[in-house]
Amino acid sequence: MHYEKELDRLNEYQKEAVLDESNACVVNANVGSGKTTVLISKIMYLHYVKNISYRDMIVLTFTNKAANEIKERLISSEGSIPMYELEGFGTFHSVALHLLKDILAVEKIGYTKDFLVIEPDEELDIAMQIIREEKLLIKYKNRLKKRLEQVMSIVKEEQKISRYNDEIFKLVALLKEEKIRQNKMAFSDLLQNANILLDDYKIERSWIIIDEVQDSDKQQLYFIDKLKSLNTKLFAVGDPNQIIYSWRGSALSVFYTLKHKYDAKELSLPINYRSSSSILEVAKCFLQSGSSLIGIREPGSKIVVKNQYNPFNEACYLVDKIHEIHKLGVPYNEIAVFYRMQNQSKVFEDVFLKNEIPYEVSMKKTIRDIPVLNWVIKLLRFSVNKNDVSSGIYVLSNKNYGEKITELRAGEIVKEQYIDKSKLFTKMKEFASECAGVKKSVEIYNYFEFDKYIGPTASTYREDKDSICTLLDIIMEYVKEKKMMFLDGLTNFINSSALYGVNILQKNINSATKSVKLMTLHASKGLEFSYVFITGINYGLIPLQTRDMDGEEEERRLFFVGITRAKDYLELSYYTNPEYHRAMPGESRYINMIPQQLIQRDEVKSEVVNLHELKKQIQEAKTEEKKEASLEPVNQMSIKQVNHIKYGIGKVLKDDDTMIEVEFKNYGVKEFIKAFSELEFL
């Protein structure tokens, strides 16, 4: 039997977890220990050996990627599985969406089955519209998104008192009513509404299986509890060392809660198969107390610690390093560059693009990131949901697309249903009846006459048209794959795109090209690469400055996650001149926490220079410059030229005892500390 071969590949710890049939079992899975393999083997064991239908299981993950990986592995083992069999497999939000659409009575809370899912930003748009129309007193609107999250979690009436003495709770009540009126649910509503309806409806399933359980917040733990009946068995896998989302509500107490609430048996997966033992030894320095990490691979090379002058210098260095690695036969997609903040990617993108290094920035992007598609998706949302007033108003009053009428006028047309006042409004109103049977994306494009509304004379016309055509093609392919009627498939797509985004934004590289991955430490979770470069290990970046010990512990766990993505080679770097707000020059304490025998140092040449004194001198020099009323123009005859190993030949613009400023043909103006410049005067 195929499954028996799968079972034979497992080690003793993995096999024990797969075969365990306790009423509740929590598996503490070390990083790189085969967690996904165990999850899939568990599902296959229950299905093939215990004859439990896939429909009798609920499998919860935290990412769509993880859910798809599980489904794909199961489908490949059987050849094909009807999609309805795996409807209970997905992220917490997608499973809640399935329950609300297909099982639970949403009518009890004022919704209809064709409700649409909206992103947090769209929920914020509705809230701002309510504030304007109702003239509510709301303070700190720049932090409204966060404030709404906080007050929406308050259930007890006696606690609903605004700390800022404004009308925030009235806003929440009106927002809830408006979402019901427009037949929309935000992400948080999916779980919250499912939990409310599960009070009166019990989902009878034999097993609940949970991936990355350590990331569960209170709402998700409540969801698990509502799904679990007396006869339901629970199997959860996670790693407390990888809790990096405590700002979202997950906490270290999750394992404790599950173990004690359900009297769960605790097992472990201690063996790491991914990283060399040298990398694991470094990772151990950042483990929380009491944890163990066992590796079976050879030591491999030492960890490289490199001192870079600034991010630009590092980007240039990485160009050469990556070319060198690639020439050894390593695919680009086995190389990753990590950083702490998303804005750090820009310098790498610019330099990699100029030097023809194929790269991909890993970042969750949605249709909202492309203005024309944000407009089109709202147009489609209103076309399938006439109660979606805010989308209808947005489409008609957009400044760049559509009829570009005023928001006030758009509101009158949408709310009063003035069909004869707007041709585009009429198109949206009649879409369901006119386009129910479309087969090709061009039919949708022509029906809405998009050429007229995206401006044939606009500079962005061609790009906008290509984006719309690509989106419509994706929609038609989605409907075809789901084997649904067009309008049902379109609604399904709109909800799916709100939950997961649509990856149509990568334009800098051919989609078929293997590329270097640029990503934040948060985005690296769950991935692995042969070569990993973690950049900017300066205090204020890695780690960020935190308010308390909990924040500091999370920064350590985040760094641990980054380290353990590396299989064969790990390089850590810090900046002499980090150039980022609140980042301090020089290595952070994380570098000093690593035993010297595990690392290979690659320092700047001038180690004897007192950097603090230099910084003081630089500031004094700049202050003197500002005091000068004007600068004499540079005499063209006196222009000096210099040669730089990376930037080539450039002309000197400014030169004093401490600093030198040079303009390079392809790289622009660069400023150097003379002690580190390595410039050759010509």
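Ordering 435, 664, 93 by Cα displacement along the dipole of the chain toward the positive end leaves 435 in first place; charges were set at the Cβ atoms of Lys, Arg (+1) and Asp, Glu (-1). Between residue 201 and residue 545, the modelled labels are 5.1 nm apart [label points 7 Å from Cα along Cα→Cβ].
At a Förster distance of 25 Å, what's the computed FRET efficiency of residue 665 paired with residue 324, Cβ-Cβ distance as r, to 0.05? It comes out at approximately 0.50. Structure note, pairs 135/421; 184/427; 101/261; 302/327: Cα-Cα distances above 24 angstrom occur for 135/421; 101/261. Projecting the Cα positions of 496, 414, 379 onto the charge dipole of region 367-500 (unit charges on Cβ atoms of Lys, Arg, Asp and Glu, taken about the Cα centre) puts 414 furthest along the positive direction. When only Cα pairs below 8 angstrom with a gap of at least 6 residues are kept, the chain shows a relative contact order of 15 percent. Distance between the modelled labels on residue 22 and residue 452, one decimal in nanometres: 6.7 nm (7 Å Cα→Cβ projection).
Classify region 161-314 as rounded, prolate or oblate, taking a ≥ b ≥ c as the square roots of the eigenvalues of its Cα gyration tensor: rounded when a/c is under 1.5, otherwise prolate if a/b is larger than b/c and oblate if not. Note, shape of region 161-314 comes out oblate. Panel order for 476, 593, by other beta carbons found within 10 Å of each beta carbon, from fewest to most: 593, 476. Rounded to the nearest 20, the Cβ-based charge dipole of the chain about its Cα centre (Lys and Arg +1, Asp and Glu -1) stands at 780 debye. The order of 491, 257, 564, going from fewest to most other C-beta atoms within 10 Å of their C-beta, is 257, 491, 564. Taking a ≥ b ≥ c as the square roots of the eigenvalues of the Cα gyration tensor, the chain is oblate, since a/c reaches 1.5 or more and a/b is not larger than b/c. Pairs with C-alpha atoms separated by more than 21 Å, drawn from the list 146/346; 202/482; 5/42, are 146/346; 202/482. Rg ratio for region 122-182: its Cα radius of gyration over 2.2 N^0.38 Å, N being its residue count, equals 1.04.
A helix-only calculation puts the chain at -13000 deg cm²/dmol for mean residue ellipticity at 222 nm, using -39500 (n - 2.57) for each DSSP H run of at least four residues, averaged over all residues.
For region 264-340 versus region 352-429, the spacing of their alpha-carbon centroids is 43 Å. If you restrict to DSSP beta bridges whose two residues both lie in the chain, what percentage is antiparallel, to the nearest 5? Restricted to the chain, the bridges split so that about 25 percent are antiparallel. The chymotrypsin sites (Phe, Trp or Tyr not before Pro) of region 414-498 meeting both criteria, a DSSP state outside H, G, I, E and B (loop) and at most 15 other C-beta atoms within 10 angstrom of the site's C-beta, are 418. FRET efficiency for the pair residue 229 and residue 600, taken as 1/(1 + (r/R0)^6) with r the Cβ-Cβ distance and R0 = 45 Å, rounds to 0.20.
Extension gain for the segment residue 443 to residue 681, taken as residue separation times 0.36 nm less the Cα-Cα distance, is 79.2 nm to one decimal. What is the Cα radius of gyration of region 344-417 over 2.2 N^0.38 Å, N being its residue count? Against the compact-globule rule of thumb, the ratio is 1.61. Region 518-569 and region 1-75 have Cα centres spaced 28 Å apart. Placing unit charges on each Cβ (+1 for Lys and Arg, -1 for Asp and Glu) gives the chain a dipole about its Cα centre, and among 537, 642, 446 the Cα reaching farthest toward its positive end belongs to 446. According to the calculation over all Cα-Cα pairs in region 411-461, the P(r) per 10 Å bin from zero is 22, 42, 32, 5 %. Extension gain, residue 103-residue 136: 0.36 nm per intervening residue step, less the Cα-Cα distance, totals 8.1 nm. Counting beta carbons within 10 Å around each of 239, 473 and listing the fewest first gives the order 473, 239.
Here is the list for region 170-229: trypsin sites (Lys or Arg not before Pro) lying in DSSP coil, each with at most 15 other C-beta atoms within 10 angstrom of its C-beta, are 202.
Values quoted throughout were computed directly from the atomic coordinates according to the rules given, and no laboratory measurement underlies them. What you see is a predicted model; the values in this text were computed from it and never measured. Cβ atoms come from the backbone with ideal geometry, glycine included; neighbour counts cover every protein chain shown.
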